[in-house]
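Chemist: Sharing a structure, written as structure tokens. Questions coming.
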Amino acid sequence: MRNLKHTFSTVEDLVAFVVRAERCSFDIDVVYNQLVIDGKSLMGVMLIGIGKQVEIVCHNAAASPEELVGHAA
């Protein structure tokens with residue numbers, strides 16, 4: 001399991017993250033406070049919104065959460 005703290009700055013960034021997450025064969029969670037959302041759910045991730053720091057949790061040791069948000073790993 002790998003974690004990354006991230007803040008989505010635009011709706012486009014958020015949508016791009018979900019599109020990348022949907023391509024993964026493992027589970028991805030987006031955590032905000034005590035709220036845990038499936039990272040492959042656009043409606044769920046948009047519920048959290050932009051401008052808030054979230055924790056992205058990849059349930060695969062080989063996965064790179066940095067690639068999901070568009071950062072070089």
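The values are calculated or read from the model by the stated rules, or taken from the named source; none is laboratory data. Everything numeric here is computed off the predicted structure, so don't read it as measured data. Heads up, the Cβs are rebuilt from the backbone with ideal geometry, glycines too, and the neighbour counts pull from every protein chain shown.
Chemist: All but one of (1) within 12 Å of VAL69 (Cα to Cα); (2) out of contact with any Gly (no Cβ under 7 Å at 6 or more places or on another chain); (3) among the polar types (S, T, N, Q) hold for THR7; which doesn't?
Modeler: (2)
Chemist: Separate question: Under 7 Å by Cβ, and 6 or more places apart or on different chains, what pairs join a residue from region 43-66 that is more than 14 Å from ASP29 (Cα to Cα) with one that is assigned to a helix (DSSP H, G or I)?
Modeler: So the pair list comes out as ILE50/VAL11; ILE50/LEU14.
Chemist: Mind listing whichever residues of region 4-19 are touching an Asp or Glu at 6+ places or on another chain (Cβ under 7 Å) and surrounded by 12 or more Cβ atoms within 10 Å (Cβ to Cβ)?
Modeler: Correct list: LEU4 only.
Chemist: Being part of a strand (DSSP E or B), modelled with pLDDT under 95 and of a type outside the set (Gly, Ala, Ser) is true for just one of VAL57, VAL30, VAL36. Which residue is that?
Modeler: None of the others qualify; the one that does is VAL57.
Chemist: Okay, next question. Of all residues in region 42-58, how many are of a type outside the set (S, T, N, Q) and within 13 Å of LYS5 (Cα to Cα)?
Modeler: Count: 7.
Chemist: Scan region 17-41 for residues that are within 15 Å of HIS6 (Cβ to Cβ) and within 10 Å of the chain's Cα centre (by Cα) and jot them down.
Modeler: PHE17, VAL18, ARG20, ALA21, ILE28, ASP29, VAL30, VAL31, ILE37, GLY39
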